[in-house]
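> Structure in structure tokens, see below.
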Amino acid sequence: MPLPKAELHLHIEGTLEPELAFTLAHRNGITLPYTTVADLRAAYDFTDLQSFLDLYYALTDVLRTEADFTDLTRAYLTRAAAQGVRHAEIFFDPQAHTARGITMDTVVNGITAALDTSETDHGISTHLILCFLRDRPAAEAMDTLDAARPHLDRIIGVGLDSAEVGHPPTKFTDVFAAAREAGLRLVAHAGEEGPADYIRQALDLGVERIDHGIRCLDDPDLLAHLAATRTPLTVCPLSNVRLRAVDTLADHPLPALMDAGLLVTVNSDDPAYFGGYVDDNYRALAEHLHLDRERLRTLARNSFEASFLPRDRKDALI
Ligand code: ADE
Ligand code: ZN
């Protein structure tokens, strides 16, 4: 039985399995530049974050209608339930869709139609987090926040993702201030491929959690600060290996982060692309880093603790 857990770092677009990509392409009259599922899977041989993002954005083209976003989200929730997920905080990338002429309404209504029945259908409570694409202009992020305003009752927070190096968090100071002003919670990817200083900058934006954050090990003062403030890291081991941020699972710094006293969580990031959903990440850690059941329980407990659930809901789940 998988441990009950929360998933806090999951891009809904990264749950698009090849089979569903072909189904949606067919439904929408799109011809993919791959003839078979095996062909497409063979393209999942990434050398870095950018090489992954190129395919990730190309395949979003099959997502056109509300029903497409609903089907994608339902498929994730079905898999997550089988992996012990009881609460999911789900990222979405509206700019990847609005840039193709798909409206914010289509994206949010499609995703939330699946979230609305998640507790009854899958036993999973959910929150939705809007991510800004950091390799696009800051003004476009502000426009995206404005376009999302009619939906803010369905969105708990904002995040920052896409190509990290060369796009520091300071680029988004104004939009994060506006999001905070709108009552949104703040998170950001930082220290995945980028330097520890990007983690410091993300903290200066006011973020409450750091997505990835593994490069904090390069900066002992920052490491001590993250431990003292119990700032959670949403770590994604299989992703780090597939995108070559870490050489092998056996070299993954997750035990060092735990030993330094950080509030570490384990997550799947883009499970359709990286060879596993969240419990597959837990099992890979158990196997390759010899994490025992007690450490895995700590990680599962941390996942609820680091969530945006109210205290009483956390206590009921932990
Ligand atoms: N978008 C989807 N997955 C991502 C990742 N691992 N890093 C940055 N942006 C992403
Ligand atoms: Zn991510």
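Taken together, the values in this text are just the output of simple stated rules run on the coordinates, not laboratory data. Source: prediction; values computed, not measured. Cβ coordinates were reconstructed from backbone atoms using ideal geometry, including for glycine residues, and neighbour counts include every protein chain displayed.
> Where in region 211-297 are there helices (runs of 4 or more DSSP H), lying wholly inside it, with at least 2 residues that are within 16 Å of ligand 2 (Cβ to nearest atom)?
Numbers: elements: 220-228, 237-242, 254-259, 271-274, 278-289.
Result: 237-242, 271-274, 278-289.
> Answer yes or no as to whether F176 is crowded, with 18+ Cβ neighbours inside 10 Å, within 16 Å of ligand 1 (Cβ to nearest atom) and free of Cβ contacts under 8 Å to residues at least 60 places away in the same chain.
Values: crowded, with 18+ Cβ neighbours inside 10 Å: yes; within 16 Å of ligand 1 (Cβ to nearest atom): no; free of Cβ contacts under 8 Å to residues at least 60 places away in the same chain: yes.
So F176 fails the test.
> Taking region 210-267 as the search range and keeping residues that are polar (S, T, N, Q) and touching a residue at least 12 places away in the same chain (Cβ under 8 Å), which one is nearest to ligand 1 (Cβ to nearest atom)? Break it down into steps so the answer makes sense when it comes.
Initially, region 210-267 is screened for residues polar (S, T, N, Q), giving 229, 231, 234, 239-240, 248, 265, 267.
If we keep only those that are touching a residue at least 12 places away in the same chain (Cβ under 8 Å) too, we end up with 231, 234, 239-240, 248, 265, 267.
Numbers: T231: 19, T234: 10, S239: 5, N240: 9, T248: 18, T265: 15, N267: 10 Å.
Among residues in region 210-267 that are polar (S, T, N, Q) and touching a residue at least 12 places away in the same chain (Cβ under 8 Å), the one nearest to ligand 1 (Cβ to nearest atom) is S239.
> Suppose the filter is under 18 Å from A113 (Cβ atoms), surrounded by fewer than 21 Cβ atoms within 10 Å (Cβ to Cβ) and acidic (D, E); does D39 pass it? Spell out the reasoning first.
Numbers: under 18 Å from A113 (Cβ atoms): no; surrounded by fewer than 21 Cβ atoms within 10 Å (Cβ to Cβ): yes; acidic (D, E): yes.
So D39 fails the test.
> Can you say whether Y44 is within 24 Å of N281 (Cα to Cα) and part of a helix (DSSP H, G or I), as far as the supplied structure shows?
Details: within 24 Å of N281 (Cα to Cα): yes; part of a helix (DSSP H, G or I): no.
So Y44 does not fit the description; no.
> Here is a follow-up. Here is a check on your reading of the model: is A138 within 16 Å of ligand 2 (Cβ to nearest atom), out of contact with any strand residue (DSSP E or B) (no Cβ under 8 Å at 6 or more places or on another chain) and under 24 Å from Q50 (Cα atoms)?
no
> Just one of D292, D279, D312 is touching a Pro at 6+ places or on another chain (Cβ under 7 Å) and acidic (D, E); which is it?
Numbers: D292 fails: touching a Pro at 6+ places or on another chain (Cβ under 7 Å); D312 fails: touching a Pro at 6+ places or on another chain (Cβ under 7 Å).
Sole residue among the options that is touching a Pro at 6+ places or on another chain (Cβ under 7 Å) and acidic (D, E): D279.
> Collect the residues in region 86-103 that are in contact with a Ser or Thr (Cβ under 9 Å, 6 or more places away or on another chain) and over 30 Å from K5 (Cβ atoms), keeping them in residue-number order.
Those that are in contact with a Ser or Thr (Cβ under 9 Å, 6 or more places away or on another chain) and over 30 Å from K5 (Cβ atoms): T98, R100, I102.
> Moving on. If you take the residues of region 1-36 that are in contact (Cβ under 8 Å) with a residue 60 or more places away in the chain, away from ligand 2 (no atom under 16 Å from the Cβ) and not in a loop (DSSP other than H, G, I, E, B), which of them is surrounded by the most Cβ atoms within 10 Å (Cβ to Cβ)? Lay out the reasoning, then the answer.
Initial filter on region 1-36 (in contact (Cβ under 8 Å) with a residue 60 or more places away in the chain): 1-18.
With the extra rule that they be away from ligand 2 (no atom under 16 Å from the Cβ), the set shrinks to 1-5, 17-18.
Applying the additional criterion that residues be not in a loop (DSSP other than H, G, I, E, B) yields 5, 18.
Numbers: K5: 28, P18: 20.
Per the stated criteria, the residue is K5.
> Return the only residue of V165, V207 being crowded, with 22+ Cβ neighbours inside 10 Å and touching a residue at least 24 places away in the same chain (Cβ under 8 Å). It would help to see each step written out before you state the result.
Values: V165 fails: crowded, with 22+ Cβ neighbours inside 10 Å.
None of the other options fit; the residue is V207.
> Let me ask you something else. Where the second residue is crowded, with 21+ Cβ neighbours inside 10 Å and in a loop (DSSP other than H, G, I, E, B) and the first is on the phi > 0 side of the Ramachandran plot and lies in region 119-144, which pairs have Cβ atoms under 9 Å and are six or more apart or on separate chains?
Within 9 Å, no pair qualifies.
> Additional query: In this structure, is D61 buried (at least 18 other Cβ atoms within 10 Å of the Cβ), of a type in the set (D, E), outside any loop (DSSP other than H, G, I, E, B) and in contact with a Leu (Cβ under 9 Å, 6 or more places away or on another chain)? Explain how you work it out, then say what you get.
Working: buried (at least 18 other Cβ atoms within 10 Å of the Cβ): no; of a type in the set (D, E): yes; outside any loop (DSSP other than H, G, I, E, B): yes; in contact with a Leu (Cβ under 9 Å, 6 or more places away or on another chain): yes.
When the stated conditions are applied, D61 does not pass them.
> Just the residues that are of a type in the set (D, E), within 16 Å of ligand 1 (Cβ to nearest atom) and closer than 17 Å to D61 by Cβ, please, taken from region 1-44.
Applying the first criterion (of a type in the set (D, E)) to region 1-44 yields 7, 13, 17, 19, 39.
Within this subset, residues satisfying the condition of being within 16 Å of ligand 1 (Cβ to nearest atom) are 7, 13, 17.
The answer is E13, E17.
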